[in-house]
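The values are calculated or read from the model by the stated rules, or taken from the named source; none is laboratory data. Note that the structure is predicted; figures quoted are calculated from it, not measured. Positions of Cβ are backbone-derived with ideal geometry, glycine not excepted, and every protein chain shown enters the neighbour counts.
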Amino acid sequence: MSGEVLFLAHRMPFPPDRGDKIRSSHVLRHLSGLGPVHVATFAESAADLAQEPVLAGLAASHCLVRRTKPLALAGAEALLRGQPVSLAAFHSSRIAAYVERVLKERDISAIYAFSGQMGQYVPARFSGRVITDLVDVDSAKFEAYGAAGSGPRAWIDLREGRLLKAEEARLAVRSDCCLFVSQEEADLFSGRLAPEQRGKADVRALRNGIDSTVFDPAVAAPEARLLAMPGPRLIFTGQMDYAPNIAAAERAIERLMPLIRAQVPEASFHVVGRNPPESLKARHGANDCYIWGEVPDIRTWLAAADLALVPLEIARGVQNKVLEAMAMELPVVLTPGAATGISACDGQHLSIAESDEDLARRVIDLLGDPAAKARIGKAARRFVVEQLGWQATLAPLADLLAPGREGQGRHAA
């Protein structure tokens with residue numbers, strides 16, 4: 001790679017404590033190993049701001065902006081401009097000015113835009129390489145929200161899905177390459193493009209990885225509070241203010257656990273992750289279901305669990321929660337959507353089922369067969385160690401950023 005890279009991310013990549021930040025932090029570290037990188041990104045919390053020295057240590061220069069725009073204001077701006085709320089929420093004159101200055105003063109050969117929200121900062125006149133990492137198809141997620149909802153919220157979600165779909169298509173045509181977290185997600189996106197757009201877009205998969213030296217049962221002591229719980233301990237982890245995670249936890253509590261406890265009455269279910277809503281917090285302790293909120297080290301909780309239950313009904317991209325559990329030798333029972341992009345084998349590396357009855361049956365069978373549970377856990381870790389290390393999954397980036405490659409529709413913004 002010749003020249004320097006401008007990296008645009010909608011969230012501060014550090015600390016890497018949620019799915020998109022895990023991916024963006026590893027991409028940024030990889031890019032910084034290839035050459036100088038300049039970073040523009042948003043902080044959403046004091047914890048993000050506290051990580052600025054980490055960012056400064058990796059970046060040749062950076063612009064970190066605290067995002068304080070209220071959602072209501074972003075919604076009003078989006079309505080006035082006829083654009084997705086997602087774009088209005090991440091519009092910043094400071095970041096726009098920084099991008100303009102860096103492009104003027106530095107030898108930027110490539111822009112890496114992480115997430116569709118940041119594509120608005122890529123100038124039409126920029127003639128270098130443009131890589132847009134959409135990660136997953138956000139527009140499809142909002143369409144699913146709208147289809148499942150009702151009233152004003154459903155209208156808002158359907159509008160967001162429609163406008164995001166148009167913006168995603170624009171970015172695909174504008175970019176030299178458009179990346180997704182799995183081949184399934186890339187295929188879904190390509191199928192949503194108009195034929196003339198599909199012919200101009202280079203859509204590819206760049207899979208997530210896992211740091212199996214960090215997520216290793218040999219280096220994490222089991223959490224004592226979880227070990228104190230009698231009977232089999234089922235766990236669900238994730239960012240708990242994220243609607244699909246909330247729905248999955250509620251599904252497990254309301255529909256799956258009664259089926260499981262009818263056969264395994266001593267089983268308990270544990271939701272671990274930051275910002276659970278009050279509706280979940282109110283369930284803490286009821287029917288042996290526990291809502292723990294944010295914890296210092298998720299590995300210790302995975303190490304103390306007997307099985308990970310991931311009953312996601314709306315799932316986009318590769319689920320880091322699944323990779324982390326697999327790396328910790330924890331057998332995972334999950335839906336087909338939650339297994340997307342991992343390429344692991346049902347019955348060998350994890351256990352996949354769709355309906356409530358089948359998910360519950362898979363859990364009950366594994367809890368009743370310790371040998372099978374141990375075999376799947378060990379096979380799961382072996383699979384991620386051998387096939388899903390970050391260095392291997394991000395290796396294609398050097399070639400994608402090479403300036404000699406011909407763009408496909410880069411000037412058709």
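Evaluating residue 301 against the criteria (1) crowded, with 16+ Cβ neighbours inside 10 Å; (2) not charged (D, E, K, R); (3) not in a helix (DSSP H, G or I) leaves one unmet condition, (3). Remark: pairs (first residue in the range 315-331, in contact (Cβ under 8 Å) with a residue 60 or more places away in the chain and at positive phi; second residue assigned to a loop (DSSP other than H, G, I, E, B) and among the β-branched types (Val, Ile, Thr); Cβ separation under 9 Å; 6+ apart in sequence or on different chains) = 317/137; 317/181; 317/340. Of all residues in the range 53-76, those that are touching a residue at least 12 places away in the same chain (Cβ under 8 Å) have Cβ atoms under 9 Å from Cβ atoms of residues that are among the acidic types (Asp, Glu) and surrounded by fewer than 17 Cβ atoms within 10 Å (Cβ to Cβ), 6 or more apart or on another chain, in 62/52; 64/52; 66/44; 67/44; 69/77.
Cβ separations smaller than 6 Å between residues 6+ apart or across chains give the following pairs from the range 220-248 residues that are assigned by TED's automatic domain parsing to the domain that holds residue 289 and within 29 Å of residue 337 (Cα to Cα) to residues that are among the polar types (S, T, N, Q) and in a loop (DSSP other than H, G, I, E, B): 240/275; 241/275.
Go through the range 99-114 and count every residue that is in contact (Cβ under 8 Å) with a residue 24 or more places away in the chain and surrounded by fewer than 22 Cβ atoms within 10 Å (Cβ to Cβ). The qualifying residues number 6.
The number of residues in the range 331-346 being modelled with pLDDT of 90 or more, over 20 Å from residue 232 (Cα atoms) and of a type outside the set (Asp, Glu) comes to 7. Considered as a group, the residues in the range 41-52 that are more than 21 Å from residue 101 (Cα to Cα), in contact (Cβ under 8 Å) with a residue 12 or more places away in the chain and of a type outside the set (A, V, I, L, M) include one that is surrounded by the fewest Cβ atoms within 10 Å (Cβ to Cβ), and that residue is 44. Hey, could you check the range 21-40 for residues that are under 29 Å from residue 294 (Cα atoms), out of contact with any Pro (no Cβ under 7 Å at 6 or more places or on another chain) and crowded, with 22+ Cβ neighbours inside 10 Å and say which is modelled with the lowest pLDDT? Here the answer is 23. Entry remark, the range 211-236: residues being among the basic types (Lys, Arg) and crowded, with 17+ Cβ neighbours inside 10 Å number 1 in total. Across the range 41-86, the qualifying residues are those that are modelled with pLDDT of 95 or more and β-branched (Val, Ile, Thr), and the one among them that is farthest from residue 162 (Cα to Cα) is 54. Counting only helices (runs of 4 or more DSSP H) that fall entirely inside the range 313-408 and contain at least 2 residues that are basic (Lys, Arg) and either touching a Gly at 6+ places or on another chain (Cβ under 8 Å) or outside the structural domain of residue 133 (by TED's automatic domain parsing) (or both), the qualifying elements are 356-367, 370-387. Output yes when any residue across the range 231-250 is part of a loop (DSSP other than H, G, I, E, B), under 21 Å from residue 384 (Cα atoms) and not basic (Lys, Arg), and no when none is. For the range 231-250, residues part of a loop (DSSP other than H, G, I, E, B), under 21 Å from residue 384 (Cα atoms) and not basic (Lys, Arg): present.
Got a number for residues in the range 269-298 being surrounded by 21 or more Cβ atoms within 10 Å (Cβ to Cβ) and within 19 Å of the chain's Cα centre (by Cα)? So the answer is 5.
Each residue in the range 188-212 was checked for being farther than 16 Å from residue 138 by Cβ, part of a helix (DSSP H, G or I) and not basic (Lys, Arg), and 3 of them qualify. Restrict the check to the range 344-363 and report whether at least one residue is within 19 Å of the chain's Cα centre (by Cα) and surrounded by 14 or more Cβ atoms within 10 Å (Cβ to Cβ). Taking every residue of the range 344-363 in turn, at least one turns out to be within 19 Å of the chain's Cα centre (by Cα) and surrounded by 14 or more Cβ atoms within 10 Å (Cβ to Cβ).
Just to verify a result, which residue in the range 77-87, among those that are closer than 21 Å to residue 175 by Cα and part of a helix (DSSP H, G or I), is farthest from the chain's Cα centre (by Cα)? Among residues in the range 77-87 that are closer than 21 Å to residue 175 by Cα and part of a helix (DSSP H, G or I), the one farthest from the chain's Cα centre (by Cα) is 87. Annotation for the range 253-261: no member residue is under 21 Å from the mean Cα position of the chain (by Cα), surrounded by fewer than 16 Cβ atoms within 10 Å (Cβ to Cβ) and assigned by TED's automatic domain parsing to the domain that holds residue 331. Looking only at residues of the range 168-185 that are in a helix (DSSP H, G or I) and modelled with pLDDT of 95 or more, we find that the one that is surrounded by the fewest Cβ atoms within 10 Å (Cβ to Cβ) is 170.
Looking only at residues in the range 266-297 that are assigned to a loop (DSSP other than H, G, I, E, B) and basic (Lys, Arg), the one that is nearest to residue 223 (Cα to Cα) is 274. Determine, yes or no, whether residue 165 is buried (at least 18 other Cβ atoms within 10 Å of the Cβ), under 18 Å from the mean Cα position of the chain (by Cα), over 30 Å from residue 398 (Cβ atoms) and not assigned by TED's automatic domain parsing to the domain that holds residue 342. No, not satisfied.
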